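The values are calculated or read from the model by the stated rules, or taken from the named source; none is laboratory data. Quick caveat, the model's predicted, so the values are computed rather than measured. Cβ placement follows ideal geometry from the backbone for every residue including glycine, while neighbour counts extend to all protein chains displayed. The protein model used for the area step is the full one, side chains on, heavy atoms only, and it has no ligands, DNA or RNA in it. Shrake-Rupley method; radii C 1.70, N 1.55, O 1.52, S 1.80 Å.
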Amino acid sequence: MYAIDLSGKKGIVFGVANDRSIAWAIASILGQAGARLALTYQGDRLEERVSRLADSLDGALVLPCDAADDDQIAEVFRRVKETFGEISFLVHSIAFANREDLEGRFSETGREGFRIALEISAYSLLPLVKHAAPLMTGGGSVVAMTFQASQRVYPGYNVMGTAKAALEHAVRQLAAEFGEQDIRLNAISAGPLETLAARGISGFRDMRRMHAEKAALKRNITGDEVAKTALFLCSDLSSGITGSVIPVDAGYHMMAV
């Protein structure tokens, strides 16, 4: 078990896809720290895979959740309330854009593709927090995943950069709104990691190579490093931090590149 002890704490991790997803790295370390978890997956094709992962966690729930379906979101929280009673943290690791909108000219992004990217990747945080807040009776922590493309232009990221910018603003807005309830919201801006979602980004290998060359630590990050930051943010050690975007990118963000 990690030095941070989350025994008796409960929470939800949204967006587990497979054993290489950031959401799973976070879920795994939270479980090792003693937390009881609910994991969500999107689509029937992922159910068996996520269920197998959940078998390694003590007493985990596995629930379907399409972030574009309000009824499924409500059902997740109904089941969690029924089983857990209350929660202490929530991890939002949900993002999607049509493949054709992650390549070519940004100006050619279609209206529907733009809507989908922002609805799934940014708007989805709002209903999740709205439903989670009543279950965070003793306060809580919400952690979202973002990327530096919210601030800079990354070839092949296109509309997802716009969505991440919207997500970061939503984190700040919600942090202000729910602060009186002692609910904290923060985002982790992770360096490029080889995940299922990353496969849809053209030039991703070049992006990782450039990060390793230019980052202060002269290497890429690991999923475990992101997960340990999420563990800190989900714990009481981060009780004074809210509305922040924390970079976990080996120092790439500070370099003049």
Say we look at segment 1-20 and pick out the residues that are charged (D, E, K, R) and under 16 Å from Ala132 (Cβ atoms); which of these is most open to solvent (accessible area, probe 1.4 Å)? Lys9
So, in segment 240-254, of the ones that are at negative phi and over 16 Å from the mean Cα position of the chain (by Cα), which residue ends up most open to solvent (accessible area, probe 1.4 Å)? Met254
Of a type in the set (Gly, Ala, Ser), under 17 Å from the mean Cα position of the chain (by Cα), surrounded by fewer than 21 Cβ atoms within 10 Å (Cβ to Cβ) and outside any strand (DSSP E or B): is that true of Ala68 in this structure? yes
Select from segment 178-195 the residues that are over 19 Å from Gly11 (Cβ atoms), at pLDDT 95 or above and surrounded by 15 or more Cβ atoms within 10 Å (Cβ to Cβ) and list them in ascending order. Ser189
Suppose the filter is within 19 Å of the chain's Cα centre (by Cα) and either open to solvent by 40 Å² or more (accessible area, probe 1.4 Å) or modelled with pLDDT of 95 or more (or both); does Gly43 pass it? no
What residue, among those in segment 88-116 that are in contact with a helix residue (DSSP H, G or I) (Cβ under 8 Å, 6 or more places away or on another chain) and of a type in the set (Gly, Ala, Ser), is farthest from Leu231 (Cα to Cα)? Gly110
Which number in (1) at pLDDT below 95; (2) crowded, with 21+ Cβ neighbours inside 10 Å marks the one condition that Ala23 misses? (1)
Which residue is least open to solvent (accessible area, probe 1.4 Å), if the candidates are limited to segment 72-106 and must be charged (D, E, K, R), outside any loop (DSSP other than H, G, I, E, B) and without any contact (Cβ under 8 Å) to a residue 60 or more places away in the chain? Asp101
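Looking at segment 174-195, can you tell me whether even one residue there is under 24 Å from Ala256 (Cβ atoms) and of a type in the set (S, T, N, Q)?
Yes.
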Of the conditions (1) assigned to a helix (DSSP H, G or I); (2) out of contact with any strand residue (DSSP E or B) (no Cβ under 8 Å at 6 or more places or on another chain), Arg20 satisfies every one except a single condition; which number is it? (1)
Hits in segment 122-165 (condition: buried (at least 19 other Cβ atoms within 10 Å of the Cβ), under 18 Å from Ser107 (Cβ atoms) and among the aliphatic types (A, V, I, L, M)): Ala149, Val159, Met160, Ala163
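Considering each residue of segment 26-40, count those that are of a type outside the set (D, E, K, R) and either open to solvent by 40 Å² or more (accessible area, probe 1.4 Å) or in contact (Cβ under 8 Å) with a residue 60 or more places away in the chain (or both), and give that number.
Matching residues across segment 26-40 total 8.
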